[in-house]
Amino acid sequence: MAESDWRRVDDYIRDRLIPADPALDAAQTAAAAAGLPAIEVSPTQGKLLQLLALIAGARRILEIGTLAGYSTIWLARGLAPGGRLVTLEADPHHAAVARSNLAAAGLADVVEVREGPALDSLLGLEGPFDLVFIDADKRNNPNYLDWALRLSRPGTVIVCDNVVRRGRITDPENAEGDVTGTRALFDRMAAEPRLDATALQTVGAKGWDGFVLAVVR
Ligand SMILES: C[S@@+](CC[C@H](N)C(=O)[O-])C[C@H]1O[C@@H](n2cnc3c(N)ncnc32)[C@H](O)[C@@H]1O
């Protein structure tokens, strides 16, 4: 199996289950035009985030790592009526592109983009959130998990992206910050009695990776 096979199947799924969406397409186009890296979730993953928000009946969502607001739009569209989303982004250029994309998607009044290092922004937030999506600097994953728990209630859903890293998490020789941060996330989850968690490996348009899915008891 090659990456082209994974991409072809992702395209098949997208063509059948995920109708083209002008706001999401425009957000990706604007991100590319503004020189942002194409490291957003794939359409199938974005739709999964939206479904998780819908299943959770989320009224308050916290996202850590905005980029151009692509996953933010997916999540915001899964909010219950009257719900709100806060998304945290360290890079001012990314935050500006995201604000513009969110406004174009009609979500300016639903989403707040907080600019600055997430660990600073988190200090100013009050919980509980119904769903937390962690997708920023992976070395801080254990810190973000701690914050997600602090800002949670029983039933809060926590999702953390990119936890497989093309299998690098199980390479004992690998001591890169994103890998050690993600291993620390797994260790903290394993030791945390308040969490029920699993992780799923994924292949698709974004290669081989995976995400953690957890619920707070
Ligand atoms: C993988 S991208 C987010 C992708 C986005 N969730 C999506 O799928 O559309 C990670 C983002 O986190 C931001 N970031 C990195 N370190 C950060 C930090 N310490 N605090 C807040 N944001 C950070 C990066 O600038 C980047 O925009």
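Protection proxy ranking, highest mean first, for peptides 171-179, 95-103, 34-42: 95-103, 34-42, 171-179, where packing is the per-residue count of other beta-carbon atoms within 10 Å, averaged.
Taking the charge dipole of the chain about its Cα centre, with +1 at Lys and Arg Cβ atoms and -1 at Asp and Glu Cβ atoms, the residue from Ala175, Asn162, Ile55 reaching farthest to the positive side is Ile55.
Ordering Leu149, Ala184, Thr202 by the projection of their Cα atoms onto the charge dipole of the range 97-217, which places +1 on the Cβ of Lys and Arg and -1 on the Cβ of Asp and Glu, puts Thr202 at the extreme positive end. With a cut-off of 18 Å on the backbone N, the residues of the range 16-32 near the modelled label site 7 Å out from Ala104 along Cα-Cβ are 20-32. Its Cα centre serving as origin, the range 126-187 has a Cβ charge dipole (Lys and Arg +1, Asp and Glu -1) of approximately 80 debye. If you average the C-alpha positions of the range 135-190 and of the range 53-111 separately, how far apart do those two centres end up, in angstrom? Using only Cα atoms, the two centres lie 21 Å from each other. Charged side chains reduced to their Cβ positions (Lys and Arg at +1, Asp and Glu at -1) give the range 1-73 a dipole of some 300 debye around its Cα centre.
Of the three principal axes defined by the Cα atoms of the range 62-115, the extents in descending order read 30, 21, 15 Å. Using Cβ point charges alone (K and R +1, D and E -1), the dipole size of the chain about the Cα centre works out to roughly 520 debye. With the convex hull drawn around the C-alpha atoms of the range 87-208, the volume per residue stands at 131 Å³.
Using a ≥ b ≥ c from the Cα gyration tensor of the chain (square roots of the eigenvalues), is it rounded, prolate or oblate, where a/c under 1.5 gives rounded and otherwise the larger of a/b and b/c decides, a/b for prolate? Rounded. What is the range 1-113 by shape, rounded, prolate or oblate, if you read a ≥ b ≥ c off the alpha carbon gyration tensor as root eigenvalues and call it rounded for a/c under 1.5, prolate for a/b larger than b/c, and oblate otherwise? Oblate is the answer for the range 1-113, as a/c is 1.5 or above yet b/c matches or exceeds a/b.
If you sort the three axes of the alpha carbon gyration tensor as a ≥ b ≥ c, you get a/c of 1.5 or more for the range 82-151 and a/b no higher than b/c, which makes it oblate. DSSP assigns beta bridges within the chain; of those with both partners inside it, close to 45 percent run antiparallel. Taking each DSSP H run with n ≥ 4 as -39500 (n - 2.57) and averaging over every residue of the chain yields -12500 deg cm²/dmol at 222 nm. Taken along the Cα-to-beta-carbon direction at a fixed 7 Å, the label points for Ser4 and Ala20 span 2.4 nm.
Quick note: the coordinates plus some simple rules give every number you see, no bench work behind them. Owing to the predicted nature of the structure, the values given are computational and were not obtained by experimental measurement. Neighbour counts are summed over all protein chains in view; Cβ atoms, including those assigned to glycine, are modelled from backbone coordinates with ideal geometry.
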